Amino acid sequence: MAFLTGEVPVQFERRLSSTARAFERELRLAWPGATGSAADGGLCVEDGGVKLAIELEAAGVRRLGLFELPQLIARYRFSGGDAAARRALLARLDRAMQKGGG
């Protein structure tokens, strides 16, 4: 879910095809200064006075025939900063964590 127009909410939820461990690995590659851990249920990134806490929860497996995709619920919660700062942090994070595909 990209917020291309309108305001980025202070909190929102995303359902991802990932494990918590894989999400943490990708987040740390995208944002080396991230704190927390997937094992503890959450991670945090900060930039320019805005803080983004990400709570992670395993959500089972999605099956497509014999193909299985792990599901993860990521709850994003911003504090500090204004709407523009939230948009900038999220855009930077999403761009860095973007996977291939089409």
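The values are calculated or read from the model by the stated rules, or taken from the named source; none is laboratory data. Values in this document were obtained by computation on a predicted structure and should not be read as measured data. Glycine gets a Cβ as well: all are built from the backbone with ideal geometry, and neighbour counts include every protein chain shown.
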- The condition from (1) modelled with pLDDT under 95; (2) of a type in the set (V, I, T); (3) part of a strand (DSSP E or B) that I54 misses is numbered (1)
- Note on the structure: Of the listed residues (R62, R87), the one being more than 17 Å from R25 (Cα to Cα) and in contact with a Ser or Thr (Cβ under 8 Å, 6 or more places away or on another chain) is R62
- Query: In region 10-40, which residues are free of Cβ contacts under 8 Å to residues at least 24 places away in the same chain, part of a loop (DSSP other than H, G, I, E, B) and surrounded by 14 or more Cβ atoms within 10 Å (Cβ to Cβ)?
  - Reply: A34, A38
- Query: Can you tell me which residues in region 72-84 are at pLDDT 90 or above, of a type outside the set (D, E, K, R) and crowded, with 16+ Cβ neighbours inside 10 Å?
  - Reply: L72, A74, Y76, F78
- Any chance region 63-73 includes a residue that's touching a residue at least 60 places away in the same chain (Cβ under 8 Å), within 22 Å of S17 (Cβ to Cβ) and assigned to a strand (DSSP E or B)? yes
- Task: Mind telling me which of the residues L43, L64 ends up being within 14 Å of the chain's Cα centre (by Cα) and either over 20 Å from M97 (Cα atoms) or hydrophobic (A, V, I, L, M, F, W, C) (or both)?
- Result: L43
